[in-house]
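The values are calculated or read from the model by the stated rules, or taken from the named source; none is laboratory data. Source: prediction; values computed, not measured. Cβ placement follows ideal geometry from the backbone for every residue including glycine, while neighbour counts extend to all protein chains displayed. With ligands, DNA and RNA removed, areas are computed over all heavy atoms of the protein, side chains included. Shrake-Rupley method; radii C 1.70, N 1.55, O 1.52, S 1.80 Å.
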Amino acid sequence: MSETHSPHHSLQLTEAKARRALLDVRSYDVTLDLATHEDTFASTTEIIFASGGGPTFLDLKPASVQRIELNGRPIAPELLDRGRVPLETSSGENRLVVEAVMRFRNDGEGLHRSVDPVDGRHYVYGMSFMDAAPSIFACFDQPDLKAPYTFHVRAPEDWTVFGNSPGAQVEPGVWEFEPSQPLSTYFVTLVAGPWHVLRDEHDGIPLSFSARQSIAEHLDKDAAELITVTRQCFDEFHRLFGIRYPFGNYHQAFVPEFNAGAMENPGCVTFRDPLLFTSKVTRGERIQRATTVAHEMAHQWFGNITTPAWWDDLWLNESFAEYMGNRVTADVTEFDDTWVHNSWQRRQWGLVADQRPSTHPVAGNGATDATAALQDFDGISYAKGSTVLKQLNARLGDEVFFAGVVDHFTTHRFGNATMADLFAAWERAGAGDLSSFVDGWLRTAGADTLRVDRTAGLLRCSPPDGTTTRRAHTLRVARLSGGVWTTDPVRIDGPGSPLVVAPGDALVIDPTDDTWSLALADPESVAVLTEGGSVDASPEVRAGLWNNVRSGFHNAEVAPDAAVALAARLVPEESTDYVFRYLVPWLTGKVVPLTADPEAARATLHRAFRERTDTSPAGSTLQLGAFQGACSTGAPELLEGWLAGAGLPAGVEIDLALRWRMLRRLAALGAIDLAGLEAALAADPSTEAAVEYAGARAALPDAAAKAWAWQRFTGEAKATNYELEMIGLSMWQAGQEQVTGPYVDRYFDQLPALASVHSGWVLGDVAEAYFPLSALSVDVVQRADALAALPALDPTVRRRLVDVTDELRRRIAARDAHR
């Protein structure tokens, strides 16, 4: 029976509880043939499980089924319905065998197969997360039915295969893997292909890394840094937990077209391969990679040894991995400024998510099914949860904090647990009653708002709309007075705390992210910092300042022109390269289009970026960050000259990333045609260039380019997941409303059918990326609100539509409040 076009169920929490009460899965034995066909693979699964006896169902998403057999009795393949096979289990031990043919996928889920455009080599990796495992093997797909897995894989003879447990090639093309530790279905993986592989060892743990052959030189170049970070993180996690890594080998695979940043599969972590840098990068990008390595390693304990029973506790995975990944990177690697980088990279992601209509508590997020849970892998579950854990650690101290964590891991080793289990462990360790902390910080959605009231001499604190919960805040306020920065501690237990402010003082609220709050810049501080002398603030204070300003802008309290003026004032004296990575897209993408004169604002920013480019040490990453800003704001004739090598600042070399940054800008301005973009791609037909080309082509200001982009939205033409997102984000250019106008109606007309074209992770990304965010009209907001209210709209599409509509509403408010 074929399941080619059938929709699939998403597992409900009530169904998961019933199945868990009935079943105890003992083992999986899976045989995959990856060598016979390029479009499909044979998958045979044997599951041994105990049952109390009675009906349940198996998860299976095949191209076709050859055999289903339960306890020696055949089950008709025709009973497969929307990804489920009904089973009538016997009391005691059961043996289930399924022989099926599965499809390789190209959406970053299931068993993803891609072809490298550079050399035509094929690569495969498994992403079993959230409803995807049944498209690889038959299973009971829920996190609390853990079991050991034994894999047998046939692959082309020139391929290398990695999995969750140690394995070896026993004859040409045949790979056998040891039984794994008990695993949840969502992190079962295989990585197979003609990989370039590096091997090492640390403290008895075999280490290995893999990447496509076409980027082998970049893995080799970065190997020393990756190995060092991996070793340092292992040592620190072992020191903090006193529990050794238990999954055998530790393989880190850099794979193409990966949706997430990385996935923590035990023994075989997968990373998106743009994390192997093919162009020169800033220190900030290296920090991001290091924290990703540490984050996924933290998951080997938080998630892999002890796994949440259900997705309403996903913060037990992600908030902990986020906190521990940043902490360990900052403490033991060369990247000791990780927390400052985190403030730039993650703070706004979490704060914006916590202000959306879709905000949810960190814990107990109401995930009634797996599809809904996927939408909560957001800035709340990562950035907010991490900050809350940082606050809890400051309250408890390391001794109690880690004693509770170790108790939790030990009690639930290779099993599942809940938030209640973890907090019980902390209380056993001496934390005392934490119920008020749980209620205030983990079970209440939204952020308290902190703002300066100069007239009253207060730092005011107001709870989120619709709530009365009072949270206590312990933080610092940085003050610039008389040209000198000082920092004062502040404690808030109610509606505000005294704060004496002299005229001419500039204030930065919570510059070191000590508490979770929406800290808004006050207009006088922005004016003082824009008009005064040298700011000369620490990197922490600068990060906090810009978070105050970005939050103020998001809430229409900082004018777009004021934000541009402040950037023009501060950029020329900036000393941290990663500032530009986050400031440039925010300024050029959000702020500039809302100013009174966007072209003048862009020119103002360009002068500031160019000044910092010229005053930075030649060849430094600081110069690179500033030059990236100059490329994103430059005039056509200047960019054309730089592309030709004319007038480049000393120390700047044009590589793939810089070249395509300029080409995208030229495309949006209509200063290059399709033939020019195609010639640039032909000169370097790499996967990175293909994605950049797709974005540049979609940005061209002509009807043909927009029609080409739209064909990818509707599925009329195919594109990779990276290309789809880049195309959607690029087609809606400010100033191109004459050619994009017709697609506003098309978006709303065709969005309800999007789930029949795209699925999973990609579905949400496409719904958001193609939204007409440049159409700054109340009519568009109203139409989006009406569509989101339709009961039949796919839940993933609705969630993304609600969020991006809120973004549009806020941009309109920011524009209108300061006209």
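Things worth noting here:
- Heavy-atom accessible surface of THR530, to the nearest 10 Å², is about 40 Å², with a 1.4 Å probe and all protein chains retained.
- Under 5 Å, built H, 5+ apart or other chain: amide partners of GLY496: CYS461
- Integer Hz, Karplus 6.51/-1.76/1.60 couplings in order for the stretch 718-725, x for Gly and Pro: 8, 7, 6, 4, 5, 5, 4, 5
- For the chain: accessible area per residue (Å², 1.4 Å): 35 Å²
- The Cα center of the stretch 258-280 and the Cα center of the stretch 589-663 differ in position by 29 Å.
- Centroid-to-centroid separation of the stretch 414-461 and the stretch 757-777 [C-alpha atoms, Å]: 34 Å
- Within the assembled protein chains, the solvent-accessible surface assigned to ARG395 is about 120 Å², based on a 1.4 Å probe.
- As a rough guide to protection, the peptides 350-359, 714-723, 124-133 ranked by mean Cβ packing within 10 Å, highest first, stand as 124-133, 350-359, 714-723.
- A simple spin-label model places pseudo-atoms 7 Å from Cα toward Cβ; at ALA18 and GLU653 they are separated by 6.4 nm.
- Estimated distance in nm for a label pair at ARG67 and ALA682, the labels positioned 7 Å out from Cα along Cα-to-Cβ: 5.4 nm
- Across the stretch 268-328, Cα pairs under 8 Å and at least six residues apart give a relative contact order of 38 percent.
- The chain, accessible surface, carbon-and-sulfur percent (1.4 angstrom probe): 51 percent
- Extension gain from ILE48 to TRP349, taking 0.36 nm per residue of separation minus the Cα-Cα distance: 104.0 nm
- Answer label, with semi-axes √(5λ) of the Cα gyration tensor in Å calculated from the coordinates and candidates (1) 43, 32, 26; (2) 55, 29, 23; (3) 47, 37, 24: (1)
- Angle between the chain longest axis and helix 687-699 axis [Cα atoms, degrees, rounded to 10]: 50 degrees
- Gain on full stretching of the segment that runs from ALA635 to GLU88 - 0.36 nm per residue minus C-alpha separation: 190.0 nm
- Summed over qualifying helices (DSSP H, 4 residues or more, each -39500 (n - 2.57)) and divided by its residue number, the chain shows a 222 nm mean residue ellipticity of -12500 deg cm²/dmol.
- The phi torsions of the stretch 318-326, fed into the Karplus equation with coefficients 6.51, -1.76 and 1.60 and a -60° offset, translate into couplings of 7, 5, 5, 5, 5, 5, 5, x, 5 Hz, rounded to whole numbers, with Gly and Pro shown as x.
- With contacts taken as Cα pairs under 8 Å at a separation of at least 6 residues, the chain carries a relative contact order of 8 percent.
- 15 Å beta-carbon shell around PRO246, net charge (K/R +1, D/E -1): 0
- Sites ARG199 and GLU399, calculated FRET efficiency, Cβ-Cβ separation with R0 25 Å, nearest 0.05: 0.10
- Of the beta bridges in the stretch 27-183, as assigned by DSSP with both residues counted there, near 90 percent are antiparallel.
- When each of the peptides 756-763, 464-471, 689-696 is scored by how many other beta carbons lie within 10 Å of its residues on average, the order from highest to lowest is 689-696, 756-763, 464-471.
- Derived scalar couplings between HN and Hα for the stretch 28-39 equal 10, 10, 10, 10, 10, 10, 9, 9, 8, 10, 8, 9 Hz in order, rounded to whole Hz, by the Karplus curve 6.51 cos²θ - 1.76 cosθ + 1.60 (θ = phi - 60°), x for Gly and Pro.
- Label-reachable residues, the stretch 34-59, where backbone N falls under 18 Å from a point 7 Å from HIS9's Cα toward its Cβ: 52-59
- Candidate lysines for bridging to LYS390, where Cα separation is under 22 Å - those fewer than 8 sequence places away on the same chain excluded: none
- Relative to the longest principal axis of the Cα atoms of the chain, helix 621-633 runs at roughly 80 degrees.
- Among the trypsin sites (Lys or Arg not before Pro) in the stretch 224-266, those placed in a DSSP loop whose Cβ has at most 13 other Cβ atoms within 10 Å are ARG244.
- Look at the alpha carbon pairs under 8 Å that are at least 6 residues apart: their mean separation over the length of the stretch 17-139 gives a relative contact order of 27 percent.
- With Cα atoms, 0 to 90° folded angle of helix 13-22 axis to the chain main axis: 30 degrees
- The stretch 150-290 shape via C-alpha gyration tensor axes, a/c threshold 1.5: oblate
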